[in-house]
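Each reported figure results from applying straightforward, stated rules to the coordinates on display, with no laboratory input. Small disclaimer: the values here were computed from a predicted structure and weren't measured. Heads up, the Cβs are rebuilt from the backbone with ideal geometry, glycines too, and the neighbour counts pull from every protein chain shown.
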Amino acid sequence: MCFQKSAQQSLRAYRSGDTIEIEIMAFNYWQKFEEKGIYHIYNHSVSDKSLFQEESDYEFFLEKVELYLLPYLDVYAYCLMPNHFHLLAKIRRYNQEIVNLLQKENTKAARKFLEVGNTHYNNFLEDQMRRLFSSHALKYKGKYGNDGALFQQRFKRVKILSETIILNKIAYVHHNPIHHNFAAVYEDWKYSSYNAFLSEKTSKIARMEILNWLGDGDVRLGKQIFKEFHESYKLESGENWQIDFDNW
């Protein structure tokens, strides 16, 4: 478990207003990826173009996330919106498993990573994100005839410096469809990880780490806290939408 505080300690700190890290982080949207760091990763389309028009477009993007990112990231939450997306993820520790994966990657960034070690993690992951965007844009152009760039060139990532706000960030990510009037309730939006947290089905989301943390080892309690916090966030969000990432 990567978390140092219990969920109860973090929630008490959050409710008491211990969220100064948000103000600090807001000045730099391109913080370097570091192993074991937790990041809010975000990108938007160019000129408000649609990134996804059909269900298969969402599915294709998630398939490429699995291919390019999941070997190196533990994804805690995601949400795909018609013109942007959010990921909350932890960078995996650099070890022999990562080395073995890099040896199978046929890219200059991977070879450089193998030469210099984990000091090159940021450059390698930036290249993996570029491959993700390029593959989706190529597929999209072939399908819809899109001209020009699809994604903004520089994607944003903000390191989460405190466990106090992790659950807040997860709720923020899942609340996007409600905030943008695409859904009335969390469950109605198929293209986020919200339903995976409450499902008994297998999932590629690192949900057990979060649910065990929330429930102090009791997954059922973790799900209850997860759902209650999201409902509370929904009620308060009109007055407490803490960071307007959509205006980055």
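Each of GLU200, GLU126, GLU163 was scored by other Cβ atoms within 10 Å of its Cβ. Listed from fewest to most, they are GLU200, GLU126, GLU163.
Could you work out the local net charge near TRP30, counting Lys and Arg as +1, Asp and Glu as -1, over the other residues with Cβ closer than 11 Å to its Cβ?
Taking every Cβ under 11 Å from that of TRP30, the sum is +4.
Beyond 13 Å, what share of the Cα-Cα pairs of segment 194-238 is found? Please give it as a whole percent. Tail of the P(r) past 13 Å holds 54 percent of the pairs. Cα to Cα, under 23 Å, and not fewer than 8 places away if on the same chain: which lysines meet these conditions relative to LYS32? In chain and number order, the partners are LYS64, LYS90, LYS108, LYS112, LYS156, LYS159, LYS169. The phi torsions of segment 188-198, fed into the Karplus equation with coefficients 6.51, -1.76 and 1.60 and a -60° offset, translate into couplings of 6, 9, 6, 9, 9, 8, 4, 5, 5, 5, 9 Hz, rounded to whole numbers, with Gly and Pro shown as x.
Given their separation in residues at 0.36 nm each and the Cα-Cα distance between them, HIS180 and LYS143 gain 10.7 nm when the chain is fully extended. Temperature 37 °C, viscosity 0.692 mPa s: under these conditions the Stokes-Einstein estimate for segment 109-243, based on its Kirkwood radius over C-alpha pairs, is 184 µm² per second.
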